[in-house]
1. Reachable lysines from residue 92, Cα under 30 Å, same-chain residues fewer than 8 places away excluded?
2. How much length would be gained if the chain were fully extended between residue 77 and residue 46, taking 0.36 nm per residue of separation minus their Cα-Cα distance, in nm to one decimal?
3. For an R0 of 25 angstrom, estimate the FRET efficiency from the Cβ-Cβ distance between residue 91 and residue 10 and round to the nearest 0.05.
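Bear in mind that the values in this text are calculations on the coordinates, not laboratory data. Values in this document were obtained by computation on a predicted structure and should not be read as measured data. Here the Cβ positions follow ideal geometry from the backbone for every residue, glycine too, while neighbour counts run over all protein chains shown.
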Amino acid sequence: MKINKRLINLSAWVALFTILIFPGEVFTEGTNRTEYGYPFVFFTQFKNEAESTRWFIKGISISLLPYLANMVIIYLILLGLNTSYIKLKSKKSNTYKKLY
């Protein structure tokens with residue numbers, strides 16, 4: 001099976017944009033944190049009200065394995081959609097050729 005680099009790139013971006021699209025789960029018990037990512041959580045933002053800082057990157061944690069798992073799932077979905085679209089498009093073009 002040939003790997004489609006454009007679909008890998010698109011799935012990587014879609015996996016990142018899930019942080020913005022899907023709401024995070026806020027935990028108030030224990031460490032105050034908000035977890036983002038769908039279907040697997042890969043981005044965690046820790047909140048410490050006592051120590052306020054301007055740096056965004058200071059209170060975050062990014063897990064690469066769940067991010068890669070999200071990318072694979074999104075890639076497989078996009079690959080299935082792309083394959084279905086190509087088959088449907090070729091079937092329609094063959095139908096039109098037969099009619100004329």
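1. Here the lysines satisfying the reach criterion relative to residue 92 are 2, 5.
2. Extending this stretch completely gives an extra 8.0 nm.
3. 0.55
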